[in-house]
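Below is one structure, written out as structure tokens; comments come after it.
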Amino acid sequence: MSSNRTFTMLKPDSVEKRNIGAILEKITASGFRIVAMKLTQLTRSDAQAFYAIHSERPFFPELVDYMTSGPIVAAILEKNNAVEDFRTLIGATNPAEAAEGTIRNMYADSISQNAIHGSDSNENALLEGAFHFSEREMF
Ligand code: IDP
Ligand code: MG
């Protein structure tokens, strides 16, 4: 996966609230091409591994409970400057601080249930994409 790609998850709250369509519309209208996509559910060990960097944080148990609470939509997205532009599109981690018109501003409920994930570096985009997809699921 090259550096013009990023990885996203529409988190369980977005699926539960039937916001998949609206969020994907915003993503594709913002110039991202969908390279890979699936509806799936994280196991506890998946969530613990995916968020291993946060394992010592006080919110980690809550994060694992939330991310395993229902299905997610996992996707790889392509655009010039994908990682940075996607972080701009989703907005700050805490929706109360997310800029007007960002996905978290529009669709997130709280700092924990914040609608969507976006990779924070090219290196993590590659790792996170490979966590969910094989090469033959990428187009
Ligand atoms: P990010 O998703 O904007 O990159 P991170 O700091 O990497 O934010 O945190 C990963 C996820 O952990 C967040 O998206 C959110 O779901 C959850 N999280 C982060 N900080 C808190 C917190 O202070 N309380 C509860 N959950 C949090
Ligand atoms: Mg992060």
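If you take the Cα Rg of segment 20-100 and divide it by 2.2 N^0.38 Å, with N the number of residues, what do you get? Before the final figure, lay out the partial values.
On the way: Rg = 14.3 Å, N = 81, 2.2 N^0.38 = 11.7 Å.
Here the Cα radius of gyration is 1.22 times the empirical estimate.
Ratio of segment 75-118's C-alpha Rg to 2.2 N^0.38 Å, to two decimals? Don't jump to the answer; show the numbers that get you there.
Numbers: Rg = 10.2 Å, N = 44, 2.2 N^0.38 = 9.3 Å.
That ratio works out to 1.10.
Can you give the three extents of the C-alpha atoms in the chain along their principal axes, from longest to shortest, in whole Å?
Largest to smallest, the principal-axis extents are 35, 33, 25 Å.
Across segment 127-137, in residue order, what do the Karplus-derived ³J(HN,Hα) couplings come to in whole Hz, using 6.51 cos²θ - 1.76 cosθ + 1.60 with θ = phi - 60° and x for Gly and Pro?
5, 5, x, 5, 5, 9, 10, 8, 3, 7, 9
Among the aspartates and glutamates, select those whose C-alpha is under 19 Å from the C-alpha of LYS17, and discard any that sit fewer than 8 residues away in the same chain.
The reachable aspartates and glutamates, counting only those whose Cα sits under 19 Å from LYS17, are GLU25, ASP65, ASP109.
Which longest run of the chain has no exposed loop site in it, a site being GluC sites (Glu not before Pro) in a DSSP loop with at most 13 other beta carbons within 10 Å, and the site itself not part of the run? Kindly include the intermediate steps, with their values, before the conclusion.
On the way: sites that count: GLU56, GLU100.
Counting at most 13 other Cβ atoms within 10 Å as exposed, the longest clean stretch of the chain is 1-55.
Please give the Cα centre distance for segment 1-45 versus segment 84-139, rounded to the nearest Å.
So the separation of the two Cα centres works out to 8 Å.
FYI, it's all coordinate maths here, none of it is from the lab. Just so we're clear, the structure is a prediction, and the values are computed from it rather than from any experiment. Quick reminder, even Gly has a Cβ in these numbers, built from the backbone with ideal geometry, and neighbours come from all protein chains shown.
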